[in-house]
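Q: Following this message is one structure expressed as structure tokens.
Just so it is clear, none of the values below were taken in a lab; they were calculated from the coordinates. Bear in mind the structure is a predicted one, so any value in this text is a computation, not a measurement. For neighbour counting, all protein chains shown are included, and Cβ atoms are generated from backbone atoms with ideal geometry for every residue, glycine included.
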Amino acid sequence: MQRVYRGFDAQFERVRANYVLVLSTLLTRRLFFGGAFLGFCVLSCSLFFFLGRDFFPSVDAGLIRLHMRMPTGTRIEETARTADEVEKVIRELVPAHDLATILDNLGLPYSGINLSYSNAGTIGTLDGEIQVALASDHRPTEEYVERLRLELPKRFPGIEFFFQPADIVTQILNFGLPAAIDVQIAGANIGQNYELMSKLLTQVRQVPGAVDAHIEQRLDQPTLALDMDRTRIQQVGLSASNVAQNVLVSLSGSAQTAPAFWLDPKNGVVYSVAVQSPQYRVDSLDTLMRTPVSAGGANPTQLLGNLVTAHPAIQQAIVSHYNIKPVVDLYVSVDGRDLGSVAAEVERLVAQVRPQLQRGSDITIRGQVTTMQSSFIGLGVGLVGAIILVYLLIVVNFQSWLDPFIIITALPAALAGIAWTLFITATTLSVPALTGAIMTMGVATANSILLVSFARQRLAEGSQPLAAALEAGATRIRPVLMTALAMIIGMIPMALGLGEGGEQNAPLGRATIGGLLFATVSTLFFVPLVFASVHRFLERRAAGGAAGHVPGGAPPAASSSE
């Protein structure tokens, strides 16, 4: 171990000697190098405008969540048959060694509780959700999603397919919505709003990176309308309420309007009792028209066909409200492009539609994109606040306004390093990346404090500013490199995105590594130059001021020459 230590120390001393040689050369060319380095850092920060923005990176959880929507009014039997055909296509496009499980959920959830807590977007028997779980060591999930997104509409024309977030992280970030972007028109005129949204849907589908765009609501649900003959109803001693109540109980049951319970004496369990006509018996219009209608008591029972006239009609398949107002929702997912860029283009299209809205209607963008924008503003303010608070803390510690400013001159290089690392690794700007940027500010500042505090000590002992800066760099290079390397080496596994779900924190590691690499260079080369230049200027100004006030009241040099 001694031999290893001595060999390493000898190599390090060579590095130190070369560093001192380079730093001494740069100290004699402070203006050129300082201006070039600062200009490079400022220009590098412009890369942030080309990185793109995402709330959080996507995670490959090995799950696919495919939603299939048939034409409105499709029976559940036909939906099930089509789902079997879609499954065959999935097994054809996804190799057997990568396929683990396929699960189909067709129609509405069984209970209202399941429907309330589900974000599947099901609106009736026309809906089917196919969940695919891939085997371990599978190929990228996005590759199979792309295949299915291209092939399924070709094989099944007239059927709407779209993919919803399958991993729990993205579902939470969407706050219950089935897509990252929700364009919502709220207003009483549903027909006109739906027409405008249909035109907007055509334009959104042309936006690069916007995928699976679809309107949640449908207005063409086929129904059977029953028009009451109120004159005839009164003639037979009934009321409109009697007709509606009898039809409601027959078709939907009485569990909601008149709950009843039965206690089983054998096991002591209370069962809910619902009165309802068996659905398999109401299999035709003629059967429906033979539904008995009565008001109870001595009034005779009438058949429904004697009291109403039936005719086909259409209505909304799903009714959605936001703050009481009826709404129409356009859901847009993002693939192959950052969320911020797609959202910006969608906002531009929305701005073109807004003047066409009827009075009383309004269009807004909701979903993950709004949360991302507010989070970025908060983290940006936090980053600036962290720099200011660190500066003020150093001011209190150093009892100086100038030296703390010299210390934080290393931070522009840290921002430049973050920008270059994210740009080279094709990583978008996200919440983890901004969190890594805040972490980098602290470590970079600590390294600069090590160097500047030592230079201040040498300056107080009588050294010249250039000599103090050179000696501080030569002495503090070891702890600065140790601190930076410890953080960089620790962040490498995170930056590589190793492990399950490692993609989520990879931007944090990459931003930290890039920021520290550039900040370390700035601490060792740029900060000593700034320190030497500033204190040399102060020294010259102090010397000039002292020369201008000669003891005994002698006039300054300029006055004597005059």
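Q: Once you keep just the Cα pairs under 8 angstrom separated by 6 or more residues, what percentage relative contact order results for the chain?
A: Details: 810 pairs, mean separation 107.3, N = 562.
Relative contact order here is 19 percent.
Q: To continue, here is another question. From the convex hull of the Cα coordinates of the range 393-438, what is the mean projected area in square nanometres?
A: 3.6
Q: I've got another one for you. Thinking of the range 447-524 as a set of Cα atoms, what percent of all their pairs are more than 22 Å apart?
A: Percentage above 22 Å: 39.
Q: Show which lysines lie in cross-link reach of residue 199 when reach means a straight Cα distance below 26 angstrom and same-chain residues fewer than eight apart are skipped.
A: 154, 325
Q: Using Cα-Cα distances under 8 Å and only pairs 6 or more residues apart, what relative contact order does the range 227-375 have, in percent?
A: Details: 110 pairs, mean separation 26.5, N = 149.
With pairs under 8 Å counted, the relative contact order is 18 percent.
Q: Here are labelled values, [x] 1.94; [y] 1.24; [z] 1.49, and one is the computed Cα Rg over 2.2 N^0.38 Å for what I pasted. Which one?
A: Checked against the structure: label [z].
Q: Ok, one more. Calculate the translational D of the range 385-481 in whole µm² s⁻¹ from Stokes-Einstein, where the hydrodynamic radius comes from the Kirkwood formula applied to all Cα pairs, the temperature is 20 °C and the viscosity 1.002 mPa s.
A: Reported coefficient: 146 µm²/s.
Q: Take peptides 353-365, 483-495, 412-424 and line them up by average Cβ neighbours within 10 Å, highest first, as a rough protection proxy.
A: Those peptides, ordered most packed to least, come out 412-424, 483-495, 353-365.
Q: Starting from the Cα of residue 255, step 7 Å toward the Cβ, then list every residue of the range 268-286 with an amide N under 17 Å from that point.
A: Once the point is set 7 Å along Cα→Cβ of residue 255, 270-280 turn out to lie under 17 Å by backbone N, inside the range 268-286.
Q: Using alpha carbons only, how many degrees (0 to 90, rounded to 10) separate the axis of helix 190-204 from the longest principal axis of the chain?
A: Once rounded, the angle reads 50 degrees.
Q: Cα-based Rg (one decimal) and Dmax (whole number) for the range 169-322, in Å?
A: 22.8, 70
Q: Cα-based Rg of the range 304-425 per 2.2 N^0.38 Å, rounded to two decimals?
A: The range 304-425 yields a ratio of 1.96.
Q: Kindly provide the helix-only [θ] at 222 nm of the chain, computed as the sum of -39,500 (n - 2.57) over DSSP H runs of four or more divided by all residues, to the nearest 500 deg cm²/dmol? Could you put the intermediate results ahead of the total?
A: Details: 19 runs with 296 residues, N = 562.
Estimated from H runs of four or more residues: -17500 deg cm²/dmol.
Q: Give, as a single signed number, the net charge of other residues whose beta carbon lies under 14 Å from the beta carbon of residue 84, with Lys and Arg counted +1 and Asp and Glu -1.
A: -2
Q: Could you work out the relative contact order of the range 382-457, using alpha carbon pairs under 8 angstrom and six or more residues apart, expressed as a whole percent?
A: Relative contact order of the range 382-457: 41 percent.
Q: In terms of modelled amide H atoms, which long-range or inter-chain residues lie less than 5 Å from the amide H of residue 219?
A: Here 317 satisfy the definition.
Q: Whose amide H sits under 5 Å from the amide H of residue 253, counting only residues 5 or more places off or on another chain, with H placed in the peptide plane?
A: Amide H neighbours of residue 253: 277.
Q: Along the three principal axes, how long is the range 67-148 when you take its alpha carbons, biggest first, rounded to the nearest angstrom?
A: 38, 26, 18 Å, listed from the longest principal axis down.
Q: Between residue 274 and residue 370, how high is the FRET efficiency from 1/(1 + (r/R0)^6) when r is the Cβ-Cβ distance and R₀ = 35 Å? Nearest 0.05.
A: The pair residue 274/residue 370 has a calculated efficiency of 0.25.
Q: Calculate one ³J(HN,Hα) per residue across the range 393-410 by plugging θ = phi - 60° into the Karplus curve 6.51 cos²θ - 1.76 cosθ + 1.60, and present them in order as whole Hz with x for glycine and proline.
A: Result, ordered by residue: 5, 5, 4, 5, 6, 8, 6, 7, 8, 7, 5, x, 5, 4, 5, 7, 5, 6 Hz.
Q: Would you kindly derive the ³J(HN,Hα) couplings of the range 69-75 from the backbone phi angles with the Karplus curve 6.51 cos²θ - 1.76 cosθ + 1.60 (θ = phi - 60°), listing them in order in whole Hz, with x for Gly and Pro?
A: So the J values, rounded to whole Hz, are 10, 7, x, 4, x, 5, 6.
Q: Then there is this: Could you pull out which residues in the range 106-136 have an amide N less than 15 Å from a spot 7 Å beyond the Cα of residue 75, following the Cα-Cβ vector?
A: 125-126
Q: May I pose another question? For the range 126-178, how big is the tail of P(r) above 15 Å, as a whole percent of Cα pairs?
A: 60
Q: Expressed as a whole percent, how much of the Cα-Cα distance distribution for the range 99-143 exceeds 15 Å?
A: Tail fraction, whole percent: 53.
Q: Which far-off residues, 5 or more places away or on another chain, put their amide H under 5 Å from the one on residue 213, with H placed in the peptide plane?
A: It is 333, by chain and number.
Q: ³J(HN,Hα) across the range 334-351 via Karplus (A = 6.51, B = -1.76, C = 1.60, θ = phi - 60°), whole Hz, x for Gly/Pro?
A: 10, 8, x, 7, 6, 5, x, 5, 5, 4, 5, 6, 5, 4, 5, 5, 5, 4
Q: How many nm is it between the label spots at residue 100 and residue 189, if each spot is 7 Å from the Cα in line with the beta carbon?
A: 5.1
Q: Calculate the FRET efficiency for residue 540 and residue 424 from the Cβ-Cβ distance with a Förster distance of 35 Å, rounded to the nearest 0.05. List each step's numbers first, then the result.
A: Details: r = 42 Å, r/R0 = 1.21.
E(calc), rounded to 0.05, equals 0.25.
Q: Modelling each spin label as a point 7 Å along the Cα-to-Cβ direction, I'd like the residue 267/residue 8 distance in nm, to one decimal.
A: Label-label distance for residue 267 and residue 8, simple model: 7.1 nm.
Q: Kindly provide the trypsin sites (Lys or Arg not before Pro) of the range 136-229 that DSSP labels as loop, not H, G, I, E or B, and whose Cβ sees at most 16 other Cβ atoms within 10 Å.
A: The qualifying sites are 205.
Q: Moving to a separate point now. Between residue 110 and residue 311, what FRET efficiency comes out of the Förster formula 1/(1 + (r/R0)^6) with R0 = 35 Å and r the beta carbon distance, rounded to 0.05?
A: 0.60
Q: Using packing as a proxy for protection, rank 507-518, 34-45 so that the peptide with the highest average count of other Cβ atoms within 10 Å comes first.
A: The packing order, highest mean first, is 507-518, 34-45.
Q: Something else now. For the range 224-306, what is the convex hull volume of its Cα atoms per residue in Å³?
A: Cα-based convex hull of the range 224-306, divided per residue, equals 117 Å³.
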